[in-house]
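Heads up, the thing below is written out as structure tokens.
The values are calculated or read from the model by the stated rules, or taken from the named source; none is laboratory data. It should be emphasised that the depicted structure is a prediction, and the values quoted were computed from it without experimental measurement. We place every Cβ from the backbone using ideal geometry, glycine too, and count neighbours over all the protein chains shown. Note: areas computed on protein heavy atoms with side chains; ligands, DNA, RNA excluded. Shrake-Rupley method; radii C 1.70, N 1.55, O 1.52, S 1.80 Å.
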Amino acid sequence: MIDGADYNHAVNVLRLAPGSHLIVFNYEHGEWEARVDTLDRAGATLTVVLLKQLRARAANGARITAVCSLIKKDNWELLLEKLTETGVDTIIPLITKRTVVEVKDTQKKRERWEKIIHSAVKQCGRLTSPSLLDPVKGVEKLQPQGNAANFFVYEKAEGVYLLDEAYALVGGPRDACFMTGPEGGFTDEEADIITGKNFRAVSLGDNILRAETAAIASATVLSQALRRSVWKS
Ligand code: SAM
């Protein structure tokens, strides 16, 4: 059954009616060619008959977790959209000493963030959705991900590895987790705590990137490195 925003899109934008063909997917069963069976305008629901599977959901391979400091609204929403497009599997919002956005009305925000992620999933054609976890307050609460290569994306990590080199060194395919800071960066004290937890400090190059650029660049670099390691294995 299709309802909510997807119903609106199907009926009011795409003008689908009983008999129309469409492509549907859910996060469990892959992507299917389907035909509209019934349209209930009063209840705002649509049912479909599945005709043929087009793509199966990929088996769970190596996964990417992004731990990103919350940043101002528009940039945070851009970050969510782009991390979804690049293939991140889990997003953990982080509240640090220099986080400037207020975190209240969490439920309402979460609904909006989930909506942005859902639209990005549909737009980019991926068959899974990233999980958005509850915000974590304080870097001391973070733990490196069990079997993953854990990276601390840090503009002061001069003379150390670039992110893609560091991932290649750990040998893939392997889960990866990266952490990026807020607009004002991490404090020195936070940096010490993070590196003390075995997150390897890595650089994205000589320029200081904006917080959302750093997160999007990290996700892109890691998803490509991970894909390359899968193809080569
Ligand atoms: N502390 C800085 C300042 O205010 O000058 C900049 C912080 S930067 C805008 C936000 C985040 O992006 C940083 O905490 C870091 O995670 C990441 N970042 C930006 N440029 C980077 C680079 N060249 N290498 C690694 N990380 C970078």
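The chain: percent of C-alpha pairs farther apart than 25 Å?
On the way: 12713 of 27028 pairs.
When every Cα pair of the chain is considered, 47 percent fall beyond 25 Å.
Just the number, please: carbon plus sulfur as a percent of the accessible area of the chain, 1.4 Å probe, no ligands or DNA/RNA counted. Provide the component values of the computation, followed by the final result.
Working: 6370 of 12840 Å².
The value for the chain is 50 percent carbon and sulfur by accessible area.
Please compare each pair in Lys122/Lys156; Lys52/Lys108; Lys52/Lys122; Lys52/Lys115; Lys109/Lys197; Lys73/Lys137 to a cut-off of 26 Å on the Cα-Cα distance and tell me which ones are over it. Walk me through the numbers before you get to the answer.
Working: Lys122/Lys156 37 Å; Lys52/Lys108 37 Å; Lys52/Lys122 19 Å; Lys52/Lys115 28 Å; Lys109/Lys197 30 Å; Lys73/Lys137 18 Å.
Correct reply: Lys122/Lys156; Lys52/Lys108; Lys52/Lys115; Lys109/Lys197.
One-quarter of the Cα convex hull surface for the range 30-124, in nm²?
Numbers: hull surface 34.8 nm².
Taking the Cα atoms of the range 30-124, their convex hull projects to 8.7 nm² on average.
Can you pull the one-decimal nm distance between simple spin-label points at Lys122 and His9, each 7 Å off the Cα toward Cβ?
Once both label points are built, they end up 0.2 nm from each other.
Please give the contour-minus-distance gain from Asp37 to Lys115: 0.36 nm per residue of separation, less the Cα-Cα distance, rounded to one decimal in nm. Before the final figure, lay out the partial values.
Values: separation 78, 0.36 × 78 = 28.08 nm, distance 2.60 nm.
Computed gain between Asp37 and Lys115 is 25.5 nm.
Give me the dipole magnitude in Debye, nearest 20, for the range 4-55 about the Cα centre, with unit charges on the beta carbon: positive for Lys and Arg, negative for Asp and Glu.
Values: 5 positive and 6 negative charges, 34 e Å.
Its charge dipole is roughly 160 debye.
Quick check on the chain: of the DSSP beta bridges with both residues there, what percent are antiparallel, nearest 5%?
Working: 16 of 38 bridges.
Among the beta bridges of the chain, antiparallel pairing accounts for roughly 40 percent.
Where does the chain land at 222 nm, in deg cm²/dmol rounded to the nearest 500, when only DSSP H runs of n ≥ 4 count, each adding -39500 (n - 2.57), divided by all residues? Mind showing how you got there, number by number?
Values: 6 runs with 77 residues, N = 233.
Helix-only estimate at 222 nm: -10500 deg cm²/dmol.
With equal scatterers on the alpha carbons only and no solvent term, can you work out the Debye log10 of I(q)/I(0) for the range 66-170 at 0.11, 0.12, 0.19, 0.21 1/Å?
-0.39, -0.47, -1.11, -1.26
Tell me the per residue accessible area of the range 64-232 using a 1.4 Å probe; a whole number in Å² is fine.
Values: 8600 Å² over 169 residues.
For the range 64-232, the solvent-accessible area averages 51 Å² per residue.
Show me the ranking of peptides 186-197, 66-77 by mean Cβ neighbours inside 10 Å, starting with the highest. Please list the in-between numbers first.
Working: 186-197: 15.7, 66-77: 20.1.
The most tightly packed comes first, giving 66-77, 186-197.
Just the ratio, please: alpha-carbon radius of gyration of the range 4-55 over 2.2 N^0.38 Å, N its number of residues. List each step's numbers first, then the result.
Numbers: Rg = 10.8 Å, N = 52, 2.2 N^0.38 = 9.9 Å.
Normalised by 2.2 N^0.38 Å, the Cα Rg of the range 4-55 equals 1.09.
Between Arg55, Arg41, Arg210, find the one with the highest GNM mean-square fluctuation for the chain; connect C-alpha pairs within less than 10 Å.
Maximum among the listed residues: Arg41.
Given charges of +1 on the Cβ of Lys and Arg and -1 on the Cβ of Asp and Glu, with all other atoms neutral, how large is the dipole of the chain about its Cα centre, in debye to the nearest 20?
The dipole magnitude comes to about 460 debye.
Have a look at Trp32, Asn12, Leu51 and report the one farthest towards the positive end of the charge dipole of the range 4-55, computed about the Cα centre with Cβ charges (Lys/Arg +1, Asp/Glu -1).
Looking along the dipole axis, the top candidate is Asn12.
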